[in-house]
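Let me begin by presenting the structure, written as structure tokens, before commenting on it.
Readers should treat all values here as calculations from the given coordinates under stated rules, not as data from a laboratory. Keep in mind the model is a prediction, meaning the values are calculated, not measured. Here Cβ is always computed from backbone atoms with ideal geometry, including for glycine, and neighbour counts include all displayed protein chains.
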Amino acid sequence: MTQIQNQTQIQSRFLTRLLSLIRKETRQLLRDRSNLLIGIGLPIILIFIFGYGVSLDVRNIRLALVLDDRSPAATNFVSGLTLSRYFNPVHADSVTAAEQMMQAGTVEGFVHLSSNFARELSAGQAQVQLVVSGTDATRAGSIVNYFSEQVAQWSGKAADRQGVSSPPGPRVEVVDRLWFNVANTSSWFLVPGLIVLIMTLVGTFLTAMVMAREWERGTLEALFVTPVRPTEVLLAKVTPYFFVGMLGLGLCIIAARVLFDVPIVGAPLMVVIGSTLYMLVALGIGLLISAVTRNQFLASQIALLASFLPALMLSGFVFDIRNLPLAVQVICYALPATYFMELIRTLFLAGDFWPLIIKDCLILAAYAAVLLGLARFVTRKSLD
Amino acid sequence: MTTSLIAFIYRVINLCNKEMLAVLKDPANRVILIVPPLLQSLLFGYAANFDLTDVPYVVLDQSSTESSRTLLDRVDGTGVFHRVATLHSSAEIERFIGNGEALIALHFPSDFEERLSSGDTAPLQLIVDGRNSATGNSAVGYVRSIVAGFNQCLNPETAVSVEVEARSWFNPNLETRWIIMPAMIAGLSMIQTMMLSALSVAREREQGTFDQLLVTPHTPFEILISKAIPPIIIGLVQSTLVLVVTRYWFHIPMSGSVGTLYAGLLMFTIASVGVGLSISALSANMHQAMLYTFVLIMPLMLLSGLATPVANMPDLLQTLTYANPLRFAIHLVRAVYLEGAQLGDVWRDMVPLMLIAIVTLPLAAWLFRHRLI
Amino acid sequence: MNQAAACVSATALCKAFEDKKARTQVDALKSIELNIPTGSLTALVGPDGAGKTTLLRLMAGLMKASSGSLQVLGFDVSADPQSVQDRISYMPQRFGLYEDLSVQENLDLYADLHGVPQAERQERYQRLLHMTDLARFTDRLAGKLSGGMKQKLGLACTLVRSPELLLLDEPTVGVDPLSRRELWEIIQQLIDDEQLSVIVSTSYLDEASRCDRVYVLHGGEMLAQGTPDQLRCEADDCAFLAVPAEGKPPRELQARLLDAQEQIVDAVPQGGGVRFVTQRDVDRSALEALLDGAHCQPLESDLEDGFMVLLRRRLGPVEANPEAFEGDGDGRNDEVVIEVRDLVRKFGDFTAVASTSFDVRRGEIFGLLGPNGAGKTTTFRMLCGLLPSSSGSLQVAGVNLRTASASARKRIGYVSQKFSLYANLTVLENLRFFGGAYGLRGRALKQRIGAMLDQFDLRGQEKTPSGQLPGGFKQRLAMAAGLIHEPEILFLDEPTSGADPLARRAFWRRITALAEGGTTIVITTHFMEEAEYCDRILIQDAGKRLAIGTPQQVRELVDEQGGNLSMEDTFIGIVERNRQPEKGAA
């Protein structure tokens, strides 16, 4: 009987302390505008930038046209380009002029039709010169591809029109279907990926700094010599930032649905569960970093290096991991962010592919358990 | 006149010396200033890659004939595509693509051979994982070019053909790394240059030494110079590290002159230090200085043309980038490094950098004594 | 557990810190034996670096002993720190308040953590807030409080509950005499009402003399222990008060006495005279010569006298190097170097300094006294040009430093409350920097650095980063940095807070020597007996000027006879008299 009473008493004290500490953390969080800037301002900025500013789609290619041949065939060739949704052609007087435009960055490449284009064409074999600026390699590659395809289409039709050829002959036509991204825009995969970045920022960067600040300012010395347990200190630290991270998730979901029409094909509950797991991982890393460094500057730099930049560069957010050298891939697959990136994109765009979802969730859960356990182990009530 | 100038120089050297010591005495700081740029430049040099190198695919060949096998041989022959599985029903496609085991699926219909032999057009269905649409689209382009080559072989004597002779300037093999690495020379150093300068005043405020500094006969101008020089030096050292990695590890040839490059980098670093110091003067403590800087660095990096060209951004954002020192720096470094631009060619980048420095540095100096908060 | 059991007992307790770089060990505590009975009030005293803080941290379970055993409240601390922490309250030297929480929120937090029942809180809060004079500021953020008020809030947070054992690490550093007195009343009341045990480390020996038992630590060893009376007896029959002949400032006599270490153990100014303690085997004729005709009478020894005797016995003669300061003799004259007229500073609707006027003359030691939050630091910052005034005029060395050219600042030196030094720069690098900042270089710089190292006894520490220096060294280095360019005027903001009696003696010996040489000194302090060293003092409260004059004149404001009233009682008398009508109106 008394034991049960004791038990409940201990529990209620634990709760009082925990709630009080959470209240304290929440107040501190809300009072410093810079925290809210990271928690809310930055996600909005990032959504805006990744939704509108950064696009990996190739559209509106600015090409200069240099026509040394004014024959109907040449004009017809050019009209094909003008009508395409990929190209925004402008005319240039000479190759030199086009080169200058390219140097100045007003066009991304130019097309040159030599004066004997029509003559060559009627002989069955014509040449078109395409020069692109390689300053954006991916885009340049796409420009070459799109242009070649445009030309191939045109020449097929031209052959029909001229009636030169016998029947077109056998050929394979590629019918491509881009699954999971009907709109074929990069914002569909960038915006869900932002959730990973934002949670990493809040969970690791912000939390590491806030905890390191307590060590640095010596606020923990008095706190330690109270009945408070290290677990309570950590739990209280984690709770408000967990919700800030979830706020980021909410912002991203709203932006995805409202601004960019990104579907959420998978189970919404799984989105929440997966995000919760990753948030715990991020918080674990943050607490671990701060407990080891106990210094704001170091904590922030390590948090950036060990979690944010890898999440940006190595998690498959923009750059597909499959394209990387093996050694780098090994690093990528050691990062929890990689698994969350895969999970969140699948849930948003592809749907409930359970083997993948379960695999990723288990990996994240394991990371969360290990990291939080380590953080608890490292945080001792000791000044030694 | 000369004596006062000498006295001024001595005071500035003395101050700079203190600033350098404050940053570099801590061994942990030394590590954190040298290792990250090196590590990042190596890692990102490899990671920043849009070029397809490995495409896992599955095939559902319902025709299973000579033609489909020939086409598949061509696909396998590229070295980029590797087959994960050969499927027997279209239902399996969803599983492989959905679970991320394959990026594309090739589906040959059962009448593939018949259509070809009757001189018809045979469809090849290509299903692509669009979760990363950039990779997906590249893969489509790749398959299309393979198929085009296949078609060419089927009809060696097509009547009309227009041959595209494509050339690429500045980056002959169209490698992403060539574009990313020069940009990193400016971009990577900016992160810590800005953070260091933002922290330098905030740290002194937090520790109370800034008051001590203000009661010495130093003028705000002297304090400004000496707060600026150490991060400038550190920034240039970091840029040099990335430059070395770019040139000698990734062997990306440099067309322009080192002198021009450093003139540009110097101007850029001064501008970023000006931004950092202004933040510093606006912050109440280190925590704020760090967060404000970070919130600023993110858009600066993303809207700089580092990963995606400025020209592709909406007009509003393009206008905003005119206040972004990194935008000009990246343009400048690429122009000098890849295109061999001379000082006279890059004035359009130098002038905005100079303007940013002219605005931010005096603002920071004024804020030393007139705090807003 | 029986009542008489020891609440803290230590046997052969050692604590060593490893210096990773030098691969050496520093023994912070060497074989300490302690037995503190339950329900007693115990003081730990000792100079800087004696190991007081380390001992308290060991008791609080924040550090583990290197060897030996330590039992607190019947628990082995190293084995079960949490059980101890559940039962004690501890106030660290630097109480880490949450600066972005308000006063009330800080209190609530600690009340919750300690599990104080809601029913008891209101009464407790009221008492604590009244005691600390923070009731007006419950909604203010802790970060916006003045240094002393923060300290008081830290104490209030520690006292939100009545623990079985209360550990206080220098709780009254930077706290003004009024609050100090109230605070000790609270502690006393807690002991009387609730039978709790208190262990307090302090550098105020008058506080230690209130305790049941005093432990004197030195260099990690237990130098002496006993009741205050037992320790006091060390100086029995050796304490005297000398009043110099009319017109001679007591501090000259005091300096002379202090320098004669063979005869004299200690000398401090007190009530217009000099209190001094002789060696036991003092040579009477030599003493007569030293006194130079000053009237001398025996006094009853107090704890501080006993402490000084104990330390002197241990340390032997201490070098003070006063000669190094001797300037060209009489540097003082009537030239006014600081002129303040109707100075006002407001922060929003809060008036920090209200219409204050005063003059300071060349070579004067001018003391600025007042309770916490009285506006002393604000006045200082305005004088040094760090803060613009809201209205009024001020001139320092003929100019307003806020608007004057930068080179005018060469004429002042400033030592701030926190001893603002660059923590990761070594002693030498700090001095070199500040010297260079004032335009010194080459041989002149080297010579001044050498002089400063000698005068402030910093030799041997040149290569230590200033952040790792013990408190006393930090204070001396800050002084050295402020004086390296030989300023005409030196501003010192609470330079002796937290310093032990020995360090304070040496400090004032240096200050008086500087003034002799013609340096004007403006200083704030919470040690009221230190006001006796000043030529004139100004007492401020709530931004207003309450009194100004020589210590004797100020003393006479309270007590017509004036003779023996201590400066502390004088100060409290003046401040309370001024606050009275205010309270009546409210």
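Annotations
- Stokes-Einstein, applied to the Kirkwood radius of segment A:61-162 over Cα pairs at a viscosity of 1.002 mPa s and 20 °C, places its translational diffusion at 155 µm² s⁻¹.
- Listed peptides C:109-115, C:256-262, C:147-153, B:23-29 appear in the order C:147-153, C:109-115, C:256-262, B:23-29 once ranked by packing, highest mean of other Cβ atoms within 10 Å at the front.
- Shape analysis of segment B:177-266 based on the Cα gyration tensor places the equivalent ellipsoid semi-axes at 35, 13, 8 Å, largest first.
- The Kirkwood radius of chain B, taken over pairs of alpha-carbon atoms, gives through the Stokes-Einstein law at 4 °C and 1.567 mPa s a diffusion coefficient of 53 µm² s⁻¹.
- Relative contact order (%) - chain C, alpha-carbon pairs under 8 angstrom, separation at least six: 13
- The label-point distance for C:Glu339 and C:Asn400, in a model that sets each label 7 Å from Cα toward Cβ, rounds to 1.4 nm.
- Percentage of interatomic Cα-Cα distances in chain C larger than 45 Å: 16
- Convex hull of alpha carbon positions in the protein assembly as shown: directionally averaged projected area 59.3 nm².
- Kyte-Doolittle mean at least 0.0, axial Cα span of 18 Å or more - DSSP H helices of chain B: B:2-24, B:27-47, B:133-154, B:176-207, B:220-244, B:258-282, B:286-302, B:325-339, B:347-369
- Here the calculated FRET efficiency for C:Lys544 and C:Arg140, from their Cβ-Cβ distance with R0 = 25 Å, stands at 0.80, rounded to the nearest 0.05.
- Amide N of segment C:15-58 lying under 18 Å from the label point, which is placed 7 angstrom from the Cα of C:Arg87 along Cα→Cβ: C:34-42, C:56-58
- Taking 19 Å as the straight-line reach from the Cα of C:Lys15, the aspartates and glutamates in range (excluding those fewer than 8 positions away in the same chain) are A:Glu221, A:Asp384, C:Asp27, C:Glu33, C:Asp48, C:Asp76, C:Asp80, C:Asp169, C:Glu221.
- Most fluctuating residue given options B:Gly208, B:Gly256, B:Gly119, as computed from a GNM of chain B linking Cα atoms under 10 Å: B:Gly119
- Per-residue shielding of A:302-308, expressed as the average number of other chain Cβ atoms within 10 Å of the residue Cβ, stands at 3.
- Going from the fewest other Cβ atoms within 10 Å to the most, the residues C:Arg136, C:Arg180 appear in the order C:Arg136, C:Arg180.
- A straight chain from B:Phe8 to B:Thr219 at 0.36 nm per residue would run longer than the Cα-Cα distance by 75.0 nm.
- In this simple spin-label model, placing a label point 7 Å from the Cα along the Cα-to-Cβ direction at both C:Arg314 and A:Phe243 gives a separation of 5.3 nm.
- Cross-link pairs exceeding 25 Å between alpha carbons, from the set B:Lys18/C:Lys410; C:Lys52/C:Lys418; B:Lys227/C:Lys346; B:Lys25/C:Lys144: B:Lys227/C:Lys346; B:Lys25/C:Lys144.
- Tilt relative to chain A, helix A:72-83 - C-alpha long axis, 0 to 90 degrees, to 10: 20
- Here r is the Cβ-Cβ distance between C:Lys463 and C:Asp349 and R0 is 45 Å; the resulting FRET efficiency, rounded to 0.05, is 0.35.
- When both bridge partners sit in the protein assembly as shown, DSSP labels roughly 45% of those beta bridges antiparallel.
- Loop-resident GluC sites (Glu not before Pro) (DSSP state other than H, G, I, E or B) in segment C:528-579 with no more than 15 further Cβ atoms inside 10 Å of their Cβ: C:Glu560.
- Relative to the dominant Cα principal axis of chain A, helix A:207-217 is inclined by about 40°.
- Per-residue mean of C-beta atoms belonging to partner chains within 10 Å, peptide C:90-98: 6
- At R0 = 51 Å, FRET efficiency that the Cβ-Cβ distance of C:Phe17 and C:Gln118 yields, to 0.05: 0.75
- Counted residue by residue at 0.36 nm each, then reduced by the alpha carbon distance between them, the extension gain from B:Leu266 to B:Asp120 reaches 46.2 nm.
- On Cα atoms only, tilt of A:95-104 relative to the major axis of chain A in degrees: 10
- Euclidean distance between Cα centres, segment A:84-122 to segment A:302-339, Å: 40
- Largest GNM mean-square fluctuation among B:Ala281, B:Ala289, B:Ala148, using chain B with Cα springs under 10 Å: B:Ala148.
- Spin-label model distance (nm) - B:Glu94 vs C:Arg181, 7 Å beyond Cα toward Cβ: 8.7
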